[in-house]
Amino acid sequence: MSSQPSKPLLHLPPTPAAPFEVNLLPCRIHHSGPVNATKAYWNPVPLQPVEKGHSERNDEEEGEKKEEESDEKKNEVPGEEAYFRGRRLVGQSLPVGEGYTGYILRPSTIPSLQSLSVQDHDDEDEIKEEAFEMEVVGGFEKVTVWGHEEMVEGGGQVGKALGEWRGWAGVVNGWDEGEDDEMAE
């Protein structure tokens, strides 16, 4: 293959893309795209901590400890809660990563010809191939992964994929190991 750069199939706009909220629900909905949901159908709120082993003691010392613990728990709960068709869902927001932006894409309707250079021994042939470019619909900075009644541990497969993707992006783009480790965290 030739070392000529190929024509990019994705053109990112110079202005920021429209912000979108990306939600991954633990159910199958036969629709993928934007939804104009009203607050009556979708209204995520910050997750409220639930104390396990709650007892009704009048001991002042015990009450002070519980207040301190509940304040700590309130700071530790980084999730959201919503109800979808009467089912309680608990969500965890996973950032795409510092320095990264997620994009929502759709195939463009206008085909373009992309030149591919193929080197066969000493002869260099150029092949024209029809390719469809991708068009940016919007962008996102986080993905919210929802679970039934409880938070998906570590974001599940999506959390793992985001972490691995950031690591691979560093390798593919040629960042040194120090930068790659920082980006993966």
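The values are calculated or read from the model by the stated rules, or taken from the named source; none is laboratory data. Note that the structure is a prediction, hence the values are computed from the model and not measured. For neighbour counting, all protein chains shown are included, and Cβ atoms are generated from backbone atoms with ideal geometry for every residue, glycine included.
Structure data summary
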quantity	calculated
Residue check for ASP71: outside any helix (DSSP H, G or I), at pLDDT below 80 and loosely packed, with under 15 Cβ neighbours inside 10 Å	no
Some residue of the range 143-159 being part of a strand (DSSP E or B), at pLDDT below 70 and closer than 21 Å to LEU12 by Cα	no
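Quick grid of which residues meet (1) in a helix (DSSP H, G or I); (2) modelled with pLDDT of 90 or more; (3) within 23 Å of HIS148 (Cα to Cα):
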residue: ARG57; (1), (2), (3): no, no, no
residue: GLU67; (1), (2), (3): yes, no, no
residue: GLU81; (1), (2), (3): no, yes, yes
residue: VAL90; (1), (2), (3): no, yes, yes
residue: SER93; (1), (2), (3): no, yes, yes
